[in-house]
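Read-outs: derived from the displayed coordinates by stated rules, not from any lab. Model, not experiment: these values are computed from the prediction. All Cβ positions, even for glycine, are placed from backbone atoms using ideal geometry, and neighbour counts span all protein chains on display.
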Protein chains: 2
Amino acid sequence: MTPPSTSVLGSPESLCCAPLTDAAFSERDAEEIAGILGALSDPVRLRLFSIVASQDEVCSCHLEGPLARSQPTISHHTKVLADAGLIHGEKRGRWMWWSVVPERVAQVRQLLGGT
Amino acid sequence: MTPPSTSVLGSPESLCCAPLTDAAFSERDAEEIAGILGALSDPVRLRLFSIVASQDEVCSCHLEGPLARSQPTISHHTKVLADAGLIHGEKRGRWMWWSVVPERVAQVRQLLGGT
DNA sequence: CTGATACATTGACAGATATCAATATGACGA
DNA sequence: TCGTCATATTGATATCTGTCAATGTATCAG
């Protein structure tokens, strides 16, 4: 199911490479990790992520209000976060339910010199 | 010495607020944290940071080569990282020596739901 | 003082991106 | 089937940003 990958972080299940205090990142690794951090580098998107992270599941319809952004913008941000592997979406009926991928967050934390 | 600040992360010495798994960030907090993560969201800059982080001190003159960027670009990136509080620069003679601010990195790690 | 070296700043420009209006897709209820 | 609701996609636009050439500033050697 998971396609073969030589990426640093790989699938959310796999553990990542050495933290940045150990060795400099390769160009390829830096590209991938920067992409993930970039997904969290927008204020609105970071707040969206924190809303999802502070709950079990959040419906898209419950994000427009707190974030004060249009529906397409919310959809755009959830897509960016999902593409980065930071959140996971599940469609149930007409609603889209989002939840964080804890393993992914743990990976990023470890890259930052985590324990 | 440290100016009064109501920011989330505050000075590199102060500990930060609750991790994002506990509560959603305020607009103000998200703005600041996103700025810090944004400093790490560029591949070249992230690699620069990892080079500095994997050593005690790094001279600006030792970054142009590995990163394959012009001197002004390197200077720009170091400034962005320094403004984010992630690295600290010290001029000695004609050379600028950069080192990471470990407390800052630890703060970011804690915001990511760290232990 | 003069020239050279290391870094910072400025200005310009191409590419990325956050945003919304309009539209499309898909699911449910009547 | 029809209309409504929730979300995704497309297209357009204003803003942000990474990059380099040119220039400015500070330090050291002679």
Item checked: Among the candidates B:S50, B:S75, residue that is in a helix (DSSP H, G or I) and within 14 Å of another protein chain (Cβ to nearest Cβ) -> B:S50
Margin query: Given the condition buried (at least 17 other Cβ atoms within 10 Å of the Cβ), under 28 Å from B:T21 (Cβ atoms), in contact with a strand residue (DSSP E or B) (Cβ under 7 Å, 6 or more places away or on another chain) and of a type outside the set (V, I, T), answer yes or no: does some residue in region B:32-45 qualify?
Written below: no
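Against the definition (in a loop (DSSP other than H, G, I, E, B) and within 11 Å of DNA strand D (Cβ to nearest atom)), how does A:S41 come out, yes or no? Can you show your working first?
On the way: in a loop (DSSP other than H, G, I, E, B): yes; within 11 Å of DNA strand D (Cβ to nearest atom): yes.
Yes: the conditions hold for A:S41.
Would it be correct to say that A:D29 is more than 13 Å from DNA strand D (Cβ to nearest atom) and closer than 19 Å to B:G113 by Cα? Give the steps one after another, and end with the answer.
Details: more than 13 Å from DNA strand D (Cβ to nearest atom): yes; closer than 19 Å to B:G113 by Cα: no.
Here the answer is no, as A:D29 does not meet what is asked.
Suppose the filter is within 13 Å of DNA strand D (Cβ to nearest atom) and touching a strand residue (DSSP E or B) at 6+ places or on another chain (Cβ under 6 Å); does A:E64 pass it? Walk me through it before giving the result.
Values: within 13 Å of DNA strand D (Cβ to nearest atom): yes; touching a strand residue (DSSP E or B) at 6+ places or on another chain (Cβ under 6 Å): no.
So A:E64 does not fit the description; no.
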Check: If you take the residues in region A:91-115 that are aromatic (F, W, Y) and surrounded by 15 or more Cβ atoms within 10 Å (Cβ to Cβ), which one is nearest to the chain's Cα centre (by Cα)?
Finding: A:W98
Notebook entry, point to check: Residues in region B:75-90 that are more than 10 Å from the chain's Cα centre (by Cα), within 7 Å of DNA strand C (Cβ to nearest atom) and more than 16 Å from B:D56 (Cβ to Cβ): how many?
Noted result: 2
Next item on the list: Working only within region B:53-72, note down all residues that are of a type outside the set (S, T, Y) and outside any helix (DSSP H, G or I).
Entry: B:Q55, B:D56, B:E57, B:V58, B:C59, B:L63, B:A68, B:R69
